[in-house]
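All remarks here apply to the structure that follows.
Any read-out appearing in this document is the output of simple, stated calculations on the displayed coordinates, not a laboratory observation. Since we're looking at a predicted model, the values are computed, not measured. Using ideal geometry, Cβ is built from the backbone for each residue, glycine included, and neighbour counts are taken over all protein chains shown.
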Amino acid sequence: MTGPRPTEVEINAYVDGELGPETQAQVERHLGAEAEDARRVADYRAIGEALHALYDPVMAEPVPARLLAATERPRSAVLVWSMRIAAVLALLLVGGTGGWLLRQSTSDGVTAEIALARHAIEAHRLYSVEVRHPVEVAADEEAHMTTWLSRRLGKPIKPPALAGAGFRLVGGRLLPADDKPAAQFMYENAGGQRLTLYFAVAAGGDTSYRFVQDGGTQALFWYIDGFGCALTGEFQRQDLMAIAREIYRQRGGDSGGQTYTW
């Protein structure tokens, strides 16, 4: 191997054609020296091509008249939720590095992970724009907030300290997650940009990081210590990854796992 080993994020970005010339050249040199990684990249590309071959014709079909008629009626809350779920599913299916989902598509856990990402993104969008009431309990009552949310979720939970990453805690709130409670902690940097960390009690799952992008919002999510966690905001993937690894470290996890982009 020549030079530093590319991160999983860089390899995924290489497959998607998102790297700059210098980093792309570094990754290509690495792949030329590491046959196993080169085979993995070839697999990612083959999976992406297979997905496009399967779904591009469907996406190019004209929208049925009954669906066009439905868009002319007032949208109910249920319809809005359904359309957003469909948007997340589309992202998962047609992404160039969607191989993990393809291999796991028959797993019951996938549905739970889609729900986790959906809840986190919707909660972030709903509350991160609030000026006067962004949180239910402010950061100056952190001890009370920690005790209250831990009791409601039935497991110890504490907002991680992110000052080293340039974010101060704004506060937190209790949220519904289907038929269970969840928690959201909100952070803000010096520029007023907000970041949210979502916790939902989960039986367990793959501890690797996964990304979902919906418009300008990205959610990075993973499982640790009986929770499904999602870090959400309008930031670059590498910025979310650095913060997620610090959160993982503070909860006693090993942040050396792989990263998948959905």
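For this structure, a couple of remarks:
- Expressed in Å, the radius of gyration and Dmax of the Cα atoms of segment 109-261 are 14.0, 39.
- Packing rank of 174-184, 15-25, 113-123, where each peptide gets the mean count of other beta carbons within 10 Å, highest leading: 113-123, 174-184, 15-25
- Residue separation of ALA35 and ARG168 scaled by 0.36 nm, minus their Cα-Cα distance, works out to 43.5 nm of gained length.
- Segment 109-261, relative contact order in percent, only Cα pairs under 8 angstrom and at least six apart counted: 20
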